[in-house]
Structures are given as structure tokens and as C-alpha cells.
1. If you roll a 1.4 Å probe over the heavy atoms of the protein chains, what accessible area per residue do you get for region 27-185, in Å²?
2. Let me know the charge dipole size of region 132-204 about its Cα centre in debye, to the nearest 20, where only the beta-carbon of Lys, Arg (+1) and Asp, Glu (-1) is charged.
3. Rounded to whole Å, give me the distance from the Cα center of region 140-209 to that of region 94-131.
4. With no solvent and one point on each alpha carbon, what is the Debye value of log10 I(q)/I(0) for region 131-209 at q = 0.20 Å⁻¹?
5. For the ranges 72-80, 43-51, what's the packing order if you count other beta-carbon atoms within 10 Å of each residue, average per peptide, and put the highest first?
Amino acid sequence: MVAAVTLSACGSQGAGKSEAHESPSMTPLGDVCEGIFDPETTAEAEKLLGSDRVSSDSPSRGASQDASSKVAKILSRGMDRRYAVNSTCIFKKKPDSGRYLHIWFEWMLIEFDQVSAEGRLKGTSAAYQLDDGALTRLFVDCERPDLVKPGGKKNLLKVVISDPIGFSQQSRVRLLNASAKKVVAGLKCKNKVILPEADVVIPENPRLK
């Protein structure tokens, strides 16, 4: 099953009773990063972090001018800005933690047909690079011919998640897809962008059940 891009993204607030819960600088997982944590990823995060709250450097859900809109505006300046890294989600386990989750966007000088066949999913606008490291990448085929310089080549939208926390690959795909949907909506791609459900990209992980 595949799903066309929409603006919706689910989130839920946990009910943990850790010491971090009392800190005013901590934010419920369901509210960080514009609400991209759905119940499944929130449950896994609580197990990995030992808390239902994190120290967030990115806008919460409902922020007046969210990070995704800002990123879409920057990316809309031109596909040649592929070296600019634009973040939509950054958070740490706690304020003094050096390990943090980070999601960012940039244009990548590669066309969709050039991504390895293993990474492209038929019937969708997405290609993934999954490995055992801390990085997982999503490439989105967003048609914006107006952003290509005369004589230049079109680029793919690249979304990366840096995850030293240790989420499962399926949770990484869920988070990448949820972030991508928000940015793509602001980019106003000329084509209909279709992203697959996470369980199409990678089998359901038992830890999420």
C-alpha cells in the first residue's frame, strides 16, 4: 500500500513518571518536531530513552511558523542550493546529553532513475538507503522544473535522519516519511508525490508491537 503526501502526522503524549518529566525544559515526545512521532514510534522512543520527554531544539506541533515551512521556502530558492542543510527536527535525550536525533533536508544532484534499483520503490516517488549505521536516507522525486537553472539538471530532495539513539529501521522510515510529507506540501511539487507506508519499505519490527 502506498499513500499520497498529506499534511497530517500523528503524535501522542506518553505518561512516563521519570525525573525528566518534571523539567520545564523537556517536551513530550508527541509534541516535538511538529508532531511526527506517531503512537508506534513514540512507544519505541519511550523504551529507548526511558522517558516520555526529550530536550527539543525544534518547533513543537502547532508552532506559528514551523520548521517545515521554513525549510520549504529555503529549498524553493533553487535546486543548486544542494549543499545547504536545513533541519526540521533536532532533540536530545536530556539537556546535557551529547547524543541527539537530527533530521535534515537538502537537494541532491542525482536523478530518480540513478538511485540503485534496490532503493527505488515501484509506484512511488521514494527511494531509500537503509543500512546498519546511524544514518538512513530518503530520496523524494519532487518535480520543480522552475528551480532548475537553464541547462542544469534536476535534483532529488534528500532527507536524512541521524539517529545515535538506536531506533529500528522502520521507525526511522516512519519519521523520515512524516517529515518529508510536511516539507513536500510546502514545496508545491508539480507531480503527485507518493510515499510508501513504512511496512512496505521494511517489515514490521517486533519491538513496535
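1. On the way: 6740 Å² over 159 residues.
Heavy-atom accessible area per residue stands at 42 Å².
2. 540
3. Using only Cα atoms, the two centres lie 6 Å from each other.
4. Scattering profile of region 131-209, log10 relative to I(0): -0.91.
5. 43-51, 72-80
The values are calculated or read from the model by the stated rules, or taken from the named source; none is laboratory data. Computed from a predicted structure; not experimentally measured. For neighbour counting, all protein chains shown are included, and Cβ atoms are generated from backbone atoms with ideal geometry for every residue, glycine included. To get the accessible areas, we keep the full protein, side chains included, count just its heavy atoms, and leave off ligands, DNA and RNA. Shrake-Rupley method; radii C 1.70, N 1.55, O 1.52, S 1.80 Å.
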